[in-house]
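Structure first, then comments.
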Amino acid sequence: PNFFANTPDILHAYLQHGGRPAFEVRAVLAATLSPSWGIYSGYELCENTPLREGSEEYLDSEKYQLRPRDWDTAEREGRTITPLITRLNTIRRENPALRQLRDLHFHHADQEAVIAYSKRKGFEHRSGGRQPRSPNHTPGGHGLVGHAATRPGLARVGAGARRAHRRGLSMGQGPTMRVSAR
């Protein structure tokens, strides 16, 4: 599957009202859950103005026009999530688990607004399916444990994590990224 954080013809209410944190959370979810992810032009600038209240259409949709953007000014003024997108792509390159859909597991989360999931790479082929060498073994440290709030505010990814527990996640010793409202 290809997870797009947004599309050219649908501006979901979550993005309209969630502000920058909503854009950050959706980017983290798309980049860490699917082997293939994408964003529509303007996402980096958190463009979220609807055609009218209650509409899911962009005010200045590019369906029928080209829209120039001043990326340099947006960068200077801190109005872009490009550094986050760059970091997500770096994490994806460094973690083979993120480049596959196999071994994606969702876990219980005590809070309804939290999605908890883990991915790992390094399983051996055995007859009857893929089995881990041991329940907590992740060869070469190529694993990922992540959780992200479904509402704006928090997305955290731990790269190189060693295990995910049924009730709660161990974020491991690897680098983590926290995305929170400013």
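FYI, it's all coordinate maths here, none of it is from the lab. Bear in mind that the values here come from a model prediction, so they are computed numbers and not experimental data. In this analysis, Cβ positions are derived from the backbone assuming ideal geometry, glycine residues included, and neighbour counts consider all displayed protein chains.
Key figures
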quantity	calculated
Order by protection proxy (mean Cβ within 10 Å, highest first), peptides 66-72, 28-34	28-34, 66-72
Linear extension gain, residue 49 paired with residue 114, 0.36 nm per residue minus alpha-carbon span	20.8 nm
Computed label-point distance, nm, for sites residue 106 and residue 66 using a 7 Å Cα→Cβ extension	4.2
Highest to lowest packing among 82-93, 38-49, scored as the average C-beta count within 10 Å	38-49, 82-93
Rg to Rh quotient for the stretch 1-131, alpha carbon positions, Kirkwood Rh	1.05
Segment residue 82-residue 94, extension gain: residue separation times 0.36 nm, minus the distance between their alpha carbons	2.5 nm
Inter-label distance for residue 4 and residue 74, nm, one decimal - labels placed 7 Å from Cα along Cα-to-Cβ	1.7
